[in-house]
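Structure first, then comments.
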């Protein structure tokens, strides 16, 4: 399965890039995420593909660009024949750039168990999500804001899709009337740590 291969390749490139260049240390500048993800590149078939291109032009090709204004100017525009064709919002939780805002571990994805493994990745990422005691406010990871259009057109779609993956207490606390729910988002820390494989 192309999806599993590309997610695994992404994590190999993140780990390799950290070993060669060190982790990115800022949002912008010489050792920024933008520069780092453009410098790390592999030859794949007849193409040279950067980490940024792998993420946005191959893995996330059928999905929407991040909502941040600056992303329009810094994301690559290349088109690849081996880009994924099917959108799946769970991929946002599977991709781990090494930020300390992401889970510490990544798993190896397989074609045979991809659906289950994407659910596990989503559940692992949503450990940081919290529901208020009255069930009317949910705090979600920042990627739920950046990639909100991947989850649906209404603001409640992201909550509806995330709810089954919350811990039992938060899931039970969540108000059944999602139309009145208030969504907050956690900050995103661009400091990095080495990725670890879950074995």
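Only the coordinates and a few stated rules stand behind these numbers; no lab work does. Just so you know, these numbers come straight off a predicted model, no measurement behind them. Positions of Cβ are generated from backbone atoms using ideal geometry, with glycine treated the same way; all protein chains shown enter the neighbour counts.
Key figures for this structure:
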read-out: Sum of -39500 (n - 2.57) over DSSP H runs of 4+, divided by residues of the chain (222 nm, nearest 500); value: -9000 deg cm²/dmol
read-out: Angle in degrees between helix 114-125 and the longest Cα principal axis of the chain, rounded to the nearest 10; value: 70 degrees
read-out: Global form of segment 134-199, assessed from the alpha-carbon gyration tensor, a/c cut-off 1.5; value: prolate
read-out: Overall form of segment 112-166 per C-alpha gyration tensor (a/c, 1.5; a/b vs b/c); value: oblate
read-out: Full-extension gain in nm, residue 86 to residue 177, via 0.36 nm per residue minus C-alpha separation; value: 29.7 nm
read-out: Quotient of Cα Rg and 2.2 N^0.38 Å for segment 1-198, N being how many residues it contains; value: 1.03
read-out: Fraction of beta bridges assigned by DSSP in the chain that are antiparallel (%, nearest 5); value: 45 percent
read-out: Prolate/oblate/rounded label for segment 96-136 (Cα gyration tensor, a/c 1.5); value: oblate
read-out: The chain: angle of helix 2-21 to the longest principal axis, Cα-based, in degrees nearest 10; value: 70 degrees
read-out: Mean Cα-pair separation over length for segment 1-198, i.e. relative contact order, pairs under 8 Å, 6 or more apart, %; value: 25 percent
read-out: Calculated FRET value between residue 197 and residue 156, using beta carbons and R₀ = 30 Å, to 0.05; value: 0.30
read-out: Label-point gap, in nm, between residue 2 and residue 100 - each point 7 angstrom along Cα→Cβ; value: 3.8 nm
